[in-house]
Structures are given as C-alpha cells and as structure tokens.
1. Tell me whether region 71-88 contains one or more residues that are open to solvent by 40 Å² or more (accessible area, probe 1.4 Å), at pLDDT 90 or above and part of a helix (DSSP H, G or I).
2. Please verify whether region 99-117 includes one or more residues that are open to solvent by less than 30 Å² (accessible area, probe 1.4 Å), part of a loop (DSSP other than H, G, I, E, B) and in contact (Cβ under 8 Å) with a residue 60 or more places away in the chain.
3. For a quick check of your reading of the model, give me the residue pairs whose first member lies in region 314-326 and is over 8 Å from L378 (Cβ atoms) and touching a residue at least 40 places away in the same chain (Cβ under 8 Å), whose second is of a type outside the set (S, T, N, Q) and surrounded by fewer than 14 Cβ atoms within 10 Å (Cβ to Cβ), with beta-carbon atoms closer than 6 Å and at least 6 apart or on different chains.
4. Identify, please: which residue in region 243-269 is within 22 Å of the chain's Cα centre (by Cα) and either touching a residue at least 60 places away in the same chain (Cβ under 8 Å) or open to solvent by 10 Å² or more (accessible area, probe 1.4 Å) (or both) and is, among those, farthest from G81 (Cα to Cα)?
5. Answer yes or no: is there a residue in region 164-171 that is more than 19 Å from D101 (Cβ to Cβ), at pLDDT 95 or above, surrounded by 15 or more Cβ atoms within 10 Å (Cβ to Cβ) and not hydrophobic (A, V, I, L, M, F, W, C).
6. Taking the condition under 30 Å from L176 (Cβ atoms), out of contact with any strand residue (DSSP E or B) (no Cβ under 6 Å at 6 or more places or on another chain), modelled with pLDDT of 90 or more and open to solvent by 60 Å² or more (accessible area, probe 1.4 Å), does R240 pass?
7. Identify, by number, the condition in (1) in contact (Cβ under 8 Å) with a residue 60 or more places away in the chain; (2) part of a helix (DSSP H, G or I) that R214 doesn't meet.
8. Restricting to strands (runs of 3 or more DSSP E) lying wholly in region 146-206: which have 2 or more residues that are polar (S, T, N, Q)?
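The values are calculated or read from the model by the stated rules, or taken from the named source; none is laboratory data. Because the structure is a prediction, the values reported are computed rather than measured. Note that we place each Cβ from the backbone using ideal geometry, even for glycine, and neighbour counts take in every protein chain shown. When the accessible area is computed, the model is the full protein with side chains, heavy atoms only, and any ligands, DNA or RNA have been set aside. Shrake-Rupley method; radii C 1.70, N 1.55, O 1.52, S 1.80 Å.
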Amino acid sequence: MFALFPIRLLLMPAAALLLLAGAAWAADLAPAPALRGQASSGASGRAAASVAPASFGGTHGTSPGTGGALSRIKDLASVEGVRSNQILGYGIVVGLNGTGDTLNNAPFTKQSLQAMLERLGVNTRGANMRTANVAAVMVTANLPPFATQGTRLDITVSALGDSKSLQGGTLLATPLLGADGEVYAVSQGPVAISGFSAEAEAAKITRGVPTVGRIANGGMVEREIDFALNKLKTLRLSLRNPDLTTARRVAAAINDFIGGDSAEPTDPSTIVLQIPPRFQGNMIRLLTDIEQLRVEPDQGARVVIDERSGIIVMGRDVRVSTVAVAQGNLTVTISEEPQVSQPNEFGNGRTVVVPRSSVKVDTEGSNKLALVKESVTLRELVDGLNALGIGPRDLISILQAIKAAGALQAEIEVM
C-alpha cells in the first residue's frame, strides 16, 4: 500500500510529459495556416510568404506542401541599373613567331602598322612590308558596375585577319570604347592562349582555338560611369526568369520584412520598391537585407528538348494524362558472307569469290502498345516513359506526339 503511492506520483508526471511531447510533435506535423505566397486572412490583407533573412538564421529548405527549394532574392532578381557594360577596341598584337597576318591579304593590318610606326616617328609609306609577326585583333571586355579609375579588367583578344596563332604575342596599348564612343579603359599585355597549332609539310594538328587569347588584368579603367544608387527614391528589381507568381512572392517577402506595402509587382519581371524614409540615403543596408530573403520561385511546366544531342529536360510541374503509346521502327539487316569457289584439279577454271548476301526486314519487332498512366509527380512520369524501353531520340518524338494529342500539360521548347 505505501510502496504503490510514491510510484503513481512518479508515473503521473512521466505520462503528462509524454502527452505534451506527442501534442508538440503533432503540432509540428500540422499544415501551416497560410500557404507560401498566398493571401493571409489577417487584418492587413497583405500576402504572407514563408521567408527568412540569412542574418536571422534562414537556410535552404523546402516548402511543406510542394517540396520546392527556397532561393534567395539575390539569385532570382537583379537591381535595375546595377549592371556591367560591354566595351571593345581594335588593336595590334606583335611578337608572333611567323604566325601573323599576311599583309597582302589583310590590308587593314598593313594600314594599322604603318599608322602606328608613323606616330612613333618611322615613315614606311611606299615600302614593301613583308613581316609575318603582326596580327590585327579585336579586344573585348566587360566593364563591371561601379568600377573606379585604376580598376583592372580581364580582356579577350580575337584575331581579325588570317593569323594562324596568337601564341607568344603582346597586345599594344589599345583603347576600349563604349556604345557612346567614349574611351572607358585601355588594355595592353602578353596574350595567353589555351590552344596550339603544329604544322609540317605533310601533316597539321590543331587543338583548341589558337587565334583567341586572354589577358588577365590586361585592362585598366580610365573613365567611371556615374550612378547615384544612394539617391534613388524608387528601386526596381528585375526577375531573371519572369513569372507572375514569383514576382508576387518576392514583393510579399519584401513587404513582410520592411512593413507596409512598399513593394508592388508591376509585371511578371519587375517589382517596384518605394524606399522607406528610414532607408533613404542608406541603400546598401536595404539591399543587403532584401537580397538575403528567401522565397520559393515558380515556373510554368516546360519540357526542353535538344534534338542534336538527344537531351531532354523536364520541370517538376510537367504532367501527362493517361495515354497509350506504341512505337515501332523499320529495321533492315544486311549481311554479306562471300564464298570462295575453286575449280577442279587439273581443270581450266580459276578461283573466284562468289558473293552471298542476306537481307532481312523487320517492320514490327517486339514493340507493343504501352500505357502511360496519369502522373502526379515527375518521378511517376519518368517511370512511365522509361517503361516504354526506348532511347532519348525516340522519346523526343513520343513527347511531341503526346503534346499534339493534348495529353501533355506542358510547353515544349526545342533548342
């Protein structure tokens, strides 16, 4: 009697703890009251999104309902105006080992060489120039945003004439111009190529492209592009993959973080953000916080096909209705078994080769009508198509035929 009473007192708290743990576990498994990116039933009426800044412990994960991965806004959108600019120029590479342009076939190389020598005080007008160590090239580079004077750039050098290789050459000082005709950078330095070419009288071998080279840190910025980011009153975010749902989720994530209705999607690719007063003059702080927010991007169902290589890529939202598919090939088999016919001994005949050919045509084979059931997930769709036992190239034709039959709920894009 006295021994049972303390044991019950010990068991009752343990049972209560188990009940509480079970209730907490069930609460974790219960669905969230509002889906990601859908409108919340709160008084504010703003769309709620399941997002978290990286500085607050946000990590990559999946949504409870769809299983999609969360992505940072930094990886989904770019800030309008913060971009690189393409610049290019025309220059000369010298020091080649006889692999330069033929001056008779490339008159622009000859004119450029004469003009350069005249600027250095050497008159070559009317002279017969036969050098093969010079090549005319086009120089290209990307000017990054907010590049200041003295910033180094990587440049690409491409042969313009009939030069065979740029190996061992040096690019002379070449101004790089923008689309407005202004000089923004100057490039110079030794050219490094990844390919090579070797030639003899009866053989020639080439690996890679020896007429294209690169100069690491070969360009220097001379002119800056003014862009007052901190003075902007309105910010525009441009989605790299335009989509209405993704644009709405990005705007909802920004509004949940900042508060209010500062962000508003104007089209499938643009979100306009009105800068709150507390962030005016401190745009870097605002962008740093916004670009770390995580949302689940959404895309339409699409099947991408590359007929040249036989590559097929299907998105997770691709669905197919129940359909029956039969695929047959015409197979022609030709075999040659030549036989040798020899004459009798002491005969007047001669030994000849008699051809023996066998031709077989198979129009049906073992292919039968296969049933591809209605798919719910991408895995079930792939399993159903693999059950046909065909290769990727035949599968391309089957997918196009299923689309024509109206059983494929996806867009087919042929590369």
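1. yes
2. Taking region 99-117 and keeping what is open to solvent by less than 30 Å² (accessible area, probe 1.4 Å), we get 100-101, 103, 106, 109, 112-114.
Subset that is part of a loop (DSSP other than H, G, I, E, B): 100-101, 103, 106.
The next check asks that each one be in contact (Cβ under 8 Å) with a residue 60 or more places away in the chain; those that pass are 100-101.
Among the residues of region 99-117, at least one is open to solvent by less than 30 Å² (accessible area, probe 1.4 Å), part of a loop (DSSP other than H, G, I, E, B) and in contact (Cβ under 8 Å) with a residue 60 or more places away in the chain, which makes the answer yes.
3. S321/E374; T322/E374; A324/L369; A324/L371; A326/L369
4. From region 243-269, those within 22 Å of the chain's Cα centre (by Cα) are 243-247, 250, 268-269; that's our starting set.
If we keep only those that are either touching a residue at least 60 places away in the same chain (Cβ under 8 Å) or open to solvent by 10 Å² or more (accessible area, probe 1.4 Å) (or both) too, we end up with 243-246, 250, 268-269.
Details: D243: 21, L244: 22, T245: 24, T246: 21, V250: 19, P268: 18, S269: 15 Å.
The qualifying residue farthest from G81 (Cα to Cα) is T245.
5. From region 164-171, those more than 19 Å from D101 (Cβ to Cβ) are none; that's our starting set.
No: region 164-171 contains no residue that is more than 19 Å from D101 (Cβ to Cβ), at pLDDT 95 or above, surrounded by 15 or more Cβ atoms within 10 Å (Cβ to Cβ) and not hydrophobic (A, V, I, L, M, F, W, C).
6. Values: under 30 Å from L176 (Cβ atoms): yes; out of contact with any strand residue (DSSP E or B) (no Cβ under 6 Å at 6 or more places or on another chain): yes; modelled with pLDDT of 90 or more: yes; open to solvent by 60 Å² or more (accessible area, probe 1.4 Å): yes.
Here the answer is yes, as R240 does meet what is asked.
7. (2)
8. Details: elements: 152-159, 170-177, 183-190, 196-199.
Qualifying strands (runs of 3 or more DSSP E): 152-159, 170-177, 183-190.
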